[in-house]
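Enquirer: Dumping the structure here so I can ask a few things about it.
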Amino acid sequence: MPCPTLSTTDLSPAELDADVLVVGVHATSDGPRLAGESPLGDATLSTEELTAVGVTGAVDTTQRLASPEGVSARSVLLVGLGSTAPTADSLRSAAGSAARAASDAARLAFALPTETLDDAQAVLEGAALGGYKYVARTAAPLPSALTEATVVTSVPGAHEAAERAAITSEAVTIVRDLVNQPPNDLYPASFVERARELTAGLDLELEEWGVDELREGGYGGILGVGQGSSRPPRLLAVRYRAGEDAPHLALVGKGITFDSGGLSLKPAASMVGMKYDMTGAATVLATIIAAARLGVPLRMTAWLCLAENLPSSTAIRPNDVLTMRGGKTVEVLNTDAEGRLVLADGIVRASEEHPDAIIDVATLTGAARVALGERYAGVMGDDTLIERVQRAASATGELVWPMPLPAELRPLLATEVADIANAKPGNTAAGMLLAGVFLREFVGRASDEEGAPVIPWAHLDIAGAANNGSSAYGYTPKGPSGVAVRLLIALAESYAAK
């Protein structure tokens, strides 16, 4: 879906020509009251009038009314801000709820209280993300789309905040659109072509490995997972270089364009929706596109590990042993634990360039969803890097939760025929953590010198948060959420600032 045009203005909200004017409502001990100073110009809505039409000011509740006399917008939508002072996070959510409630409107204006540039950016991000619609392949008429969103603010530099909001919200939209594509349209080769289209005209370099190159390079994990499909796997590196001496951040994304489980076949109901198993690859691609558009002064490499996991006479079997990039061997005991196999190759390859940090992003385990639900991503790895990820999450309103990587789990992956097994069949405890323990084995060192420290590494398991299977809320629709993109952009900027 094309992103709406985002802008700011210092005009009176009542003067704006829009389909809907969005106004905030505070919940107070004396009843609801409009937020801001004269958001409707000379018109007003008293506490009694608001209460009479069912407005409470509770967080993210909405009520749409005909515009009072003197307001140029066709209608007014009241959105609750709650009883506490608005924050960037709450404003982003309120704007998203308003955009969803006004889904028939093409032009929205927001008269929400914005005290800072972060507030202004949050409102516009919320509007763009809340107004998201996927253009499905149906014979039905296309739904109306949000084309313009404007926020009223007097904060200096608000224009730059609007430009930034446009870039970040478009990055999230890239992920949502890619994940929504059906798997007969999006597979490893077409994913690469889509990446080329999305990066055209940007200061990015792309390097692609096909089957022959993967075989020559010893990428046994990516090859093994993809060998059951008639549509071969790929590895794609997308490189952004803003200064040779700048910090280097590597992002590794799981890109399983469809996950049937392979010969360890999923039940039919569990297989539905497994087109979303490439969300990690989409996330790292969208992040590096945003970094290039923002001109973040650092080096970044996104590694997209792309394969389709299908059962066939050529598919890998339980008890097969794969030789990964770098020479380590893995006994496959569960072909449905395939994401960690492609990520292992990606992490090894990323390590060979000795970046300052490696972040891998993956819809890796159902255990993550069991443990953390559908809104939190689990993060594990290097303690210092986890703290940086948490700070970036806090700054962007993303939800992550730190998880341990207990040493006692490593013996569960012991095998007599290889260096490590990819799973422990029958073990139901700590599945998310066991996957992290496996991945940690493939993180390389900061240099080729003997005894060099291990590269700081963090693993983001977004299996629950990447797809909202419940009702839409705030700026998050039902379906693909685009989680972690804004977090990773902020993390990249923290390295650039350093």
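The values are calculated or read from the model by the stated rules, or taken from the named source; none is laboratory data. Bear in mind that the values here come from a model prediction, so they are computed numbers and not experimental data. Cβ: placed from backbone, ideal geometry, glycine included. Neighbour counts: every protein chain shown.
Enquirer: Could you give me the residue pairs with C-beta distances under 8 Å whose first residue belongs to region 465-485 and is over 14 Å from VAL172 (Cα atoms) and in the same structural domain as ALA98 (by TED's automatic domain parsing), whose second residue is buried (at least 16 other Cβ atoms within 10 Å of the Cβ) and modelled with pLDDT of 95 or more wherever it lies, and which are 6+ apart or on separate chains?
Expert: Pairs that qualify, where the first residue is over 14 Å from VAL172 (Cα atoms) and in the same structural domain as ALA98 (by TED's automatic domain parsing) and the partner is buried (at least 16 other Cβ atoms within 10 Å of the Cβ) and modelled with pLDDT of 95 or more: there are none.
Enquirer: Among (1) buried (at least 23 other Cβ atoms within 10 Å of the Cβ); (2) not in a strand (DSSP E or B), where does ASP336 come up short?
Expert: Failing condition for ASP336: (1).
Enquirer: Then there is this: Going by what's in this entry, would PRO86 be described as touching a residue at least 60 places away in the same chain (Cβ under 8 Å) and either surrounded by fewer than 24 Cβ atoms within 10 Å (Cβ to Cβ) or on the phi > 0 side of the Ramachandran plot (or both)?
Expert: yes
Enquirer: Return only the number of the condition from (1) buried (at least 22 other Cβ atoms within 10 Å of the Cβ); (2) under 19 Å from the mean Cα position of the chain (by Cα); (3) not small (Gly, Ala, Ser); (4) not assigned by TED's automatic domain parsing to the domain that holds ALA281 that LEU146 does not satisfy.
Expert: (2)
Enquirer: Another question, then. Only residues that are surrounded by fewer than 23 Cβ atoms within 10 Å (Cβ to Cβ), of a type in the set (D, E, K, R) and farther than 22 Å from GLY444 by Cβ: list them for region 282-333, please.
Expert: Result: ARG293, ARG317, ASP320.
Enquirer: Evaluate region 16-31: report whether one residue or more is at pLDDT 95 or above, under 21 Å from GLU125 (Cα atoms) and of a type in the set (Gly, Ala, Ser).
Expert: Checked region 16-31: at least one residue is at pLDDT 95 or above, under 21 Å from GLU125 (Cα atoms) and of a type in the set (Gly, Ala, Ser).
Enquirer: Now for a different question. Out of all the residues in region 182-191, is one or more surrounded by fewer than 14 Cβ atoms within 10 Å (Cβ to Cβ), more than 20 Å from the chain's Cα centre (by Cα) and at positive phi? Spell out the reasoning first.
Expert: As a first pass, look at region 182-191 and keep what is surrounded by fewer than 14 Cβ atoms within 10 Å (Cβ to Cβ): 182, 184-185.
Remaining after also requiring more than 20 Å from the chain's Cα centre (by Cα): 184-185.
Within this subset, residues satisfying the condition of being at positive phi are none.
The answer is no; no qualifying residue exists.
Enquirer: May I ask you to list the residues in region 223-241 that are among the hydrophobic types (A, V, I, L, M, F, W, C) and under 23 Å from the mean Cα position of the chain (by Cα)?
Expert: LEU235, LEU236, ALA237, VAL238
Enquirer: Any residue that is over 13 Å from GLY262 (Cα atoms) and aliphatic (A, V, I, L, M) - is there at least one of those in region 308-316?
Expert: So far as region 308-316 goes, no, none of its residues is over 13 Å from GLY262 (Cα atoms) and aliphatic (A, V, I, L, M).
Enquirer: Output the number of the condition that LEU439 fails; it satisfies all remaining conditions of (1) within 22 Å of ALA344 (Cβ to Cβ); (2) surrounded by fewer than 21 Cβ atoms within 10 Å (Cβ to Cβ).
Expert: Here LEU439 clears every test but (2).
Enquirer: Next question. Listed residues GLY36, GLY41, GLY54; which is free of Cβ contacts under 8 Å to residues at least 12 places away in the same chain and in a loop (DSSP other than H, G, I, E, B)?
Expert: GLY54
Enquirer: Something else: Identify the residue in region 57-101 that is of a type in the set (A, V, I, L, M, F, W, C) and assigned to a strand (DSSP E or B) and, among all such residues, is farthest from LEU399 (Cα to Cα).
Expert: ALA66
Enquirer: Restricting attention to region 193-206, which residues are closer than 20 Å to GLY226 by Cβ and either surrounded by 20 or more Cβ atoms within 10 Å (Cβ to Cβ) or not assigned by TED's automatic domain parsing to the domain that holds TYR240 (or both)?
Expert: Scanning region 193-206 gives a single hit, ALA195.
Enquirer: Going by what's in this entry, would ILE420 be described as β-branched (Val, Ile, Thr) and in contact with a Ser or Thr (Cβ under 7 Å, 6 or more places away or on another chain)?
Expert: Spelling it out, it is not the case that ILE420 is β-branched (Val, Ile, Thr) and in contact with a Ser or Thr (Cβ under 7 Å, 6 or more places away or on another chain).
Enquirer: In region 410-432, how many are more than 16 Å from LYS328 (Cα to Cα) and crowded, with 22+ Cβ neighbours inside 10 Å? First the steps, then the outcome.
Expert: Start the filter on region 410-432 by keeping residues that are more than 16 Å from LYS328 (Cα to Cα), which leaves 411-412, 424-432.
From the residues that got through so far, the ones that are crowded, with 22+ Cβ neighbours inside 10 Å too are 432.
So the count comes out to 1.
Enquirer: Oh, and also: Test ALA122 against the stated conditions and say whether it is crowded, with 22+ Cβ neighbours inside 10 Å and at pLDDT 95 or above.
Expert: Answer is yes for this residue.
Enquirer: Six or more apart or on different chains, Cβ under 9 Å: which pairs go from a residue in region 443-459 that's among the charged types (D, E, K, R) to one that's at pLDDT below 95? Could you list them?
Expert: Listed pairs, sorted by first residue: ARG445/GLY451.
Enquirer: Check GLY381 against each of (1) within 19 Å of ALA281 (Cα to Cα); (2) in contact with a Phe, Trp or Tyr (Cβ under 8 Å, 6 or more places away or on another chain) and name the one condition it does not meet.
Expert: Here GLY381 clears every test but (1).
Enquirer: Can you tell which of ALA452, ALA492 is modelled with pLDDT of 95 or more and either of a type in the set (Ser, Thr, Tyr) or closer than 23 Å to LEU178 by Cα (or both)?
Expert: ALA492
Enquirer: While we're on this one: It is to be established whether one or more residues within region 430-441 are in the same structural domain as VAL485 (by TED's automatic domain parsing), in a loop (DSSP other than H, G, I, E, B) and not hydroxyl-bearing (Ser, Thr, Tyr).
Expert: yes
Enquirer: Here is a follow-up. Which of the residues that make up region 367-402 are among the acidic types (Asp, Glu) and either more than 15 Å from the chain's Cα centre (by Cα) or not in a loop (DSSP other than H, G, I, E, B) (or both)?
Expert: The initial filter retains those residues of region 367-402 that are among the acidic types (Asp, Glu), namely 374, 382-383, 387, 398.
Correct list: ASP382, ASP383, GLU387.
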